[in-house]
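FYI, it's all coordinate maths here, none of it is from the lab. It should be emphasised that the depicted structure is a prediction, and the values quoted were computed from it without experimental measurement. Because the Cβ atoms are built from the backbone with ideal geometry, glycine has one as well, and the counts that use them run over all protein chains shown.
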Amino acid sequence: MSKNKDLLDSLVSDWKKERPDLDASAMLVIGRILKLSKILEKSTNKALSSNNIYYTDLDVLATLRRSGKPYELTPKQLMQSVLITSGAMTALLDRLLKLELIYRSPDPLDGRIKRAGLTKKGINVIDVAIETRFKNADESVKIFTKAEKLQLSNLLKKMILHFDNE
């Protein structure tokens, strides 16, 4: 592949030859978003490995930390802020509990619900890991100017809001 072409250019070119009746141009955007998502998740997991956590761990721990004292939320509240399924959430909370990064306690208003809260160890881990995450994010977008970052952010936000409102 040439220096200015990527896999998506090649795929769309192939489709133009095989199915010229189809407009594959949207795949240039969607395919790149999907590929970039995988690249960024892999990069984030690599950056977080020194903290002995994964991106999904960070997502839950950061959500608890951002919630403010006492750093406790119900699983339902966590689900509204993270990008994993309810089954995956249960397994993840069990994993974080075993790592002693969170504790589980009955909700004072509904004993059937077990709240998740950060332990002191969990607060220490997320406070270091979030710095790592922010540095990794900065590194990932350093090729853009400030204006380009703002433009890209706004375009991605527009797309997300469109799908959120469907």
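Observations on the structure shown:
- Remark: relative contact order (the chain) = 18 percent; criterion is Cα-Cα distance under 8 angstrom and separation of 6 or more residues.
- Packing-based exposure ordering (other Cβ within 10 Å, fewest first) of Glu72, Glu166, Glu41: Glu166, Glu41, Glu72
- 0 to 90° range, to nearest 10: angle between helix 146-164 axis and the chain longest Cα axis: 80
- Per-residue ellipticity at 222 nm from helix content only, as computed over the chain with -39500 (n - 2.57) for each DSSP H run of at least four residues, stands at -21000 deg cm²/dmol.
- Ordering Phe144, Phe163, Phe134 by the number of other Cβ atoms within 10 Å of each residue's own Cβ, fewest first, gives Phe163, Phe134, Phe144.
- Highest mobility in the GNM of the chain, judged by mean-square fluctuation with C-alpha springs under 10 Å and restricted to Asn45, Asn154, Asn136, is found for Asn154.
- Residue among Ala24, Ala62, Ala88 with the largest mean-square fluctuation in a Gaussian network model of the chain, springs linking Cα atoms under 10 Å: Ala24
- Reach of Lys114 by Cα under 26 Å, taken over lysines that are not fewer than 8 positions away in the same chain: Lys69, Lys76, Lys98
- By the count of neighbouring beta-carbon atoms within 10 Å, fewest first, Lys114, Lys120, Lys3 end up ordered Lys3, Lys120, Lys114.
- Per-selection Kirkwood Rh - the chain (Cα, Å, 1 d.p.): 18.7
- Site pair Glu148 and Asp9 shows an inter-label distance of 1.5 nm when each label is modelled 7 Å from Cα along Cα→Cβ.
- Straight-line cross-link reach from Lys146 at under 28 Å between alpha-carbon atoms covers these lysines, not counting any fewer than eight positions away in the same chain: Lys3, Lys5, Lys35, Lys38, Lys42, Lys46, Lys135, Lys157, Lys158.
- Of all the options Leu156, Leu64, Leu92, the one that moves most in a Gaussian network model of the chain with Cα springs shorter than 10 angstrom is Leu156.
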